[in-house]
Structures are given as structure tokens and as C-alpha cells.
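A short write-up of the structure that comes next.
Only the coordinates and a few stated rules stand behind these numbers; no lab work does. Everything quoted here is computed from the prediction, not taken from an experiment. Cβ: placed from backbone, ideal geometry, glycine included. Neighbour counts: every protein chain shown.
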Amino acid sequence: MKNLRIEIKWAIIFVLMTLLWMLFEKSMGWHDEGIADHASYTNLYAIPAILVYVFALLDKKKNYFGGHMTYKQGFMSGIVITIIVAILSPLNQYLISTYITPEYFANVIEYSVSNGVMEQTEAEAYFSLKNYMLISVIGALLMGLITTLVVALFVRSKR
């Protein structure tokens, strides 16, 4: 467990960063009056998400591997972070949907239906806590894997 301390720390930081990002999105109005812009602006979340992985792998490289880390070591560290984040994602989504932005689903359903993007039943099925919990796990695993593959390449020690 001691050898995973850094990964656990950064997974928790990632989860907290996600909660802060959702507070930011809500404060910007992207979950209500600015919901039409949400699909575009939410992509900015990638910037802090990638930075967390960069800082996590740099931390692992410096404080666990003594300044020298191979690609494989960085990749494995990133994968552990990704798995922890994925495990915590349903809880995080619950907190977001229940406490940070409980009106988001109703707003996005209304927007999607009124703009002809989806039918009512389709929108209600897609924009639901259960579906978002599932999407959050899958998204955490896929995006964490892709981010890890790239970040480990840049953070590894050059020979």
C-alpha cells in the first residue's frame, strides 16, 4: 500500500478537481441558462485533468523513483490512478448530481427535447444519474488510459 500512496493521493486530487470543475461549470451558467454552450465548454475540463496526470507522474518520478522513471513505470502508475478514479467516479457523479447541480438533468433534458436533439424518453434515459454513473466509469477508464499513454511518454526519463 505504501508504494501506491502517491497514486491514491493523486486520484483523490483528481476527484476533488472534478468536483471543483463542476462547481465552476455551474457558476458559469453552463448547467442552466448557458446550457447550449455546455457541450463545447465542458471540453476545457481536459486541461486540468491532463495537468493532474502530469503532476502525478512527476511526483512519482521524483519522490518514488528517485528522479528516473521508465515509460512502463509511468504507465503503470497512471493506470493505477485511472483505476482508482474510475472506482470513485460513481460516487463523484452522485455528489455532483445531488449536491452541486441537481437541476442539470432536468435542464439538459428540456434543452435537448426543445431543440429537437432527442425525444423526451430518449433524453430522460440518457440524462439520468444511473447512465451518467456508468458513463463516468467508462469515461474515466478510456480517458485515463489515453492520458496515461501520452503523459508517461513525456514524463519518462530520457536515456
- Query: Looking at the stretch 2-155, how many pairs of lysines come closer than 22 Å at the Cα, when each pair is eight or more places apart or spans two chains?
  - Reply: 12
- Message: Please compute the modelled spin-label separation between residue 130 and residue 99, points set 7 Å along Cα→Cβ, answer in nm with one decimal.
- Response: 2.5 nm
- Query: Which length gain, in nm to one decimal place, applies between residue 87 and residue 153 when the Cα-Cα distance is subtracted from 0.36 nm times their residue separation?
  - Reply: 21.3 nm
- Message: To test your reading of the geometry: what angle, between 0 and 90 degrees and rounded to tens, separates the Cα axis of helix 46-63 from the longest principal axis of the chain?
- Response: 20 degrees
- Message: If the elastic network links every pair of Cα atoms under 10 Å, which of 14, 105, 65 fluctuates the most in the Gaussian network model of the chain?
- Response: 65
- Between the helical axis of 71-95 and the dominant principal axis of the chain, each derived from Cα atoms, what acute angle in degrees is found, rounded to the nearest 10? 30 degrees
- Using just the helices of the chain, give the 222 nm mean residue ellipticity in deg cm²/dmol: DSSP H runs with n ≥ 4 each add -39,500 (n - 2.57), and the total is spread over all residues, rounded to 500. -25000 deg cm²/dmol
- Message: Nearest 10 degrees is fine. How inclined is helix 104-114 to the longest principal axis of the chain, computing both from alpha carbons?
- Response: 50 degrees
- Task: Consider a paramagnetic label point 7 Å from the Cα of residue 37 along Cα→Cβ; state which residues of the stretch 71-108 have an amide N under 17 Å from it.
- Result: 108
